[in-house]
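The values are calculated or read from the model by the stated rules, or taken from the named source; none is laboratory data. Keep in mind the model is a prediction, meaning the values are calculated, not measured. As a convention, Cβ positions derive from the backbone with ideal geometry for all residues, glycine included, and neighbour counts pool all protein chains shown. Heavy atoms of the whole protein, side chains included, go into the accessibility calculation; ligands, DNA and RNA do not. Shrake-Rupley method; radii C 1.70, N 1.55, O 1.52, S 1.80 Å.
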Amino acid sequence: MSEIVINGGRRLEGELTVQGAKNSVLPVLAATILCQGECVVHNCPKISDVETSVKILARLGCKCLRDNNDVLVDSRDIAGNEIPEDLMREMRSSVVFLGAVIGRVGKAVISSPGGCELGPRPIDLHLSSLKKMGVEITEEHGFIYCNAPQGVKAAEITLGFPSVGATENIILAAATAEGTTVIHNAAREPEISDLADFLNSAGARICGCGSDTIYIKGVKRLRGTEHTIIPDRIVAATYMACTAVTGGKIKMDGIMPSHMIAMLSVFRESGCNIEASGKSLVITCEKGLIRVPTVRSLTYPGFPTDAGPIIISMLTLAKGTSVFVENIFENRFRYVDELKRLGAKITTEGRSAIIEGTERLLGASCKCTDLRGGAALVVAGLSAKGTTVINEIHHIERGYEDIVENLKKLNADIKLV
Ligand code: EPZ
């Protein structure tokens, strides 16, 4: 198993272009199933979750071609309707294929998503919404069988929680359903607007994305199209934290600052100097980090839960004590014990983490517990005195394209062993 080895303490300097958004490319690749033609998706990051999605498409009978950061999908001859269990296990967000397969083929089989490193990951909102759209759902032997013999019907749905995945599954099932579907209390994340942009470019009639009420007027057929994935705002925040903890200065290109307002505000409050203009941003942190009294994760446009581990890792080096409250997932602090091996002073109580700033972290061996927890260890290792060895890095490879190469180019002493 490969490891990431970091000799910390070097200031990050230089320029990098941020990859396409993992949480946008996954639902967009699922949406290609609905398009009866050839789709080309640009700016797809080279990460294992994209490889898994391409494998699922191929297993369903779609023709797929990967060309660097472009993925070409031709789903004209789609034959299957089962999301393979092994791939579902590999990537829980495969659940987003459900709406697309049902929308295109009228039925789907998916294995019940296990829990994951963030705690239980129920899909009750997905299933109850699909039921309202005329989908018959039975669960047995760990599999969920979905059937829409009369086709998917439009419905008016109010989500008990603005779930990103449930909102995406409803949009995918409704895009070619009969009638107009309305989603109240919809998730507002930019990745949902990106999915709607993709579908609308293929002939769908979706509006309201970015607000909490989304309208999807079903159309008979969607054609092939071309689309460029939006930048990954969480990956951007990760490189910003790497820069802040090393007192460096980097320029990031190809980002959308308007998607990062809540995060930029916390970075500035912690003592970072950020100049954002157009699709670029320069971040420095010359005077050291200072505490941020309280950061709370919320649904968009609030501070994103995925950036929680990143910002907590950064705040371990801030002067003073900060508090982070995780309001989205049950159990998103599993990486904290690994951070403590590097000397971080963090105590967690329920959904709160209390971070007491420390002068210095000290390199140690540690292991990734999940994707963003792994990224938090990289942030900590870059600042720590001495050598940090990070194991189980497949978690990081799920969502970060070329992170070792990129950090090396930014002057970090880091290697993949
Ligand atoms: C998406 O997950 C993202 N994944 C997550 O990113 C992100 O953390 C999350 O949205 C919140 O922004 C992808 O887009 C692939 P939710 P999703 O449905 O759709 C509960 C990362 O690090 N819930 O908004 O699964 C759920 O348990 C990943 O890139 C139900 O109770 O998130 C959680 O507590 C991690 N029932 C909360 O809602 C449901 O039917 C948020 O879940 C669905 C969700």
Open item on the list: Can you pull out every residue in segment 303-324 that is among the aliphatic types (A, V, I, L, M) and within 19 Å of the chain's Cα centre (by Cα)?
Closed with: Ala307, Ile310, Ile311, Ile312
Task: Selection within segment 279-304 - modelled with pLDDT of 95 or more, assigned to a loop (DSSP other than H, G, I, E, B) and charged (D, E, K, R) - done: Lys279, Arg291
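Taking into account only those residues within segment 124-141 that are away from the ligand (no atom under 16 Å from the Cβ) and part of a strand (DSSP E or B), which is least open to solvent (accessible area, probe 1.4 Å)? Show your work before the answer.
Applying the first criterion (away from the ligand (no atom under 16 Å from the Cβ)) to segment 124-141 yields 134, 136, 138, 140-141.
Next cut, part of a strand (DSSP E or B) only: 136, 138, 140.
On the way: Glu136: 100, Thr138: 75, Glu140: 97 Å².
Here the answer is Thr138.
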- [ ] Filter segment 278-307 down to residues that are among the polar types (S, T, N, Q), within 16 Å of the ligand (Cβ to nearest atom) and in contact with a strand residue (DSSP E or B) (Cβ under 8 Å, 6 or more places away or on another chain), then give me how many there are.
- [x] 2
Task: Members of segment 142-183 that are polar (S, T, N, Q), crowded, with 21+ Cβ neighbours inside 10 Å and either over 13 Å from Leu127 (Cβ atoms) or touching a strand residue (DSSP E or B) at 6+ places or on another chain (Cβ under 9 Å) (or both) - done: Thr167, Thr176, Thr181
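From the set of residues in segment 371-396 that are in a helix (DSSP H, G or I) and not aliphatic (A, V, I, L, M), which is nearest to Cys285 (Cα to Cα)? Don't jump to the end; show me each part of the working.
Step one: filter segment 371-396 for residues in a helix (DSSP H, G or I), giving 371-383, 394-396.
Narrowing further to those that are not aliphatic (A, V, I, L, M): 372-374, 381, 383, 394-395.
Values: Arg372: 22, Gly373: 23, Gly374: 23, Gly381: 17, Ser383: 13, His394: 30, His395: 28 Å.
Among those that are in a helix (DSSP H, G or I) and not aliphatic (A, V, I, L, M), it is Ser383.
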Open item on the list: Cβ contacts < 7 Å: first residue under 16 Å from Val28 (Cβ atoms), restricted to segment 178-194; second residue away from the ligand (no atom under 12 Å from the Cβ), any location; separation 6+ or different chain. Result?
Closed with: Pro190/Ile230; Pro190/His259; Ile192/Cys209; Ser193/Cys209; Ser193/Gly210; Asp194/Ile229; Asp194/Ile230
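Take Tyr400 and decide whether it is within 16 Å of the ligand (Cβ to nearest atom), hydroxyl-bearing (Ser, Thr, Tyr) and without any contact (Cβ under 8 Å) to a residue 60 or more places away in the chain. Spell out the reasoning first.
On the way: within 16 Å of the ligand (Cβ to nearest atom): yes; hydroxyl-bearing (Ser, Thr, Tyr): yes; without any contact (Cβ under 8 Å) to a residue 60 or more places away in the chain: no.
Answer is no for this residue.
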Task: Residue count, segment 76-98 (criterion: within 16 Å of the ligand (Cβ to nearest atom) and not aromatic (Phe, Trp, Tyr)) - done: 12
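Is it the case that Ala375 is under 16 Å from the mean Cα position of the chain (by Cα) and open to solvent by less than 30 Å² (accessible area, probe 1.4 Å)? Steps first, please.
On the way: under 16 Å from the mean Cα position of the chain (by Cα): yes; open to solvent by less than 30 Å² (accessible area, probe 1.4 Å): yes.
Against the criterion (under 16 Å from the mean Cα position of the chain (by Cα) and open to solvent by less than 30 Å² (accessible area, probe 1.4 Å)), Ala375 qualifies.
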- [ ] Please find, within segment 257-273, the residue that is surrounded by the fewest Cβ atoms within 10 Å (Cβ to Cβ) out of those that are out of contact with any helix residue (DSSP H, G or I) (no Cβ under 7 Å at 6 or more places or on another chain) and among the aliphatic types (A, V, I, L, M).
- [x] Ile261
Open item on the list: Looking only at residues that are farther than 18 Å from Ile78 by Cβ and touching a Lys or Arg at 6+ places or on another chain (Cβ under 8 Å) in segment 20-43, which one is farthest from the ligand (Cβ to nearest atom)?
Closed with: Ala21
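Quickly run through segment 319-342 and pick out the residues that are in contact with a helix residue (DSSP H, G or I) (Cβ under 7 Å, 6 or more places away or on another chain) and either surrounded by fewer than 17 Cβ atoms within 10 Å (Cβ to Cβ) or not in a helix (DSSP H, G or I) (or both).
Selection gives Ser322, Phe324, Glu326, Ile328, Phe329, Arg332, Arg334, Tyr335, Leu342.
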Open item on the list: Of the conditions (1) open to solvent by less than 30 Å² (accessible area, probe 1.4 Å); (2) within 23 Å of Glu189 (Cα to Cα); (3) not in a loop (DSSP other than H, G, I, E, B), Ala276 satisfies every one except a single condition; which number is it?
Closed with: (1)
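Would you tally the residues in segment 223-253 being among the small types (Gly, Ala, Ser), farther than 17 Å from Gly308 by Cβ and out of contact with any Lys or Arg (no Cβ under 6 Å at 6 or more places or on another chain)? I'd like the intermediate steps shown before the answer.
At the first step, the residues of segment 223-253 found to be among the small types (Gly, Ala, Ser) are 224, 236-237, 241, 244, 247-248.
Those still in the list that are farther than 17 Å from Gly308 by Cβ too: 224, 247-248.
Now drop any that are not out of contact with any Lys or Arg (no Cβ under 6 Å at 6 or more places or on another chain), which leaves 224.
Of the residues in that region, 1 qualify.
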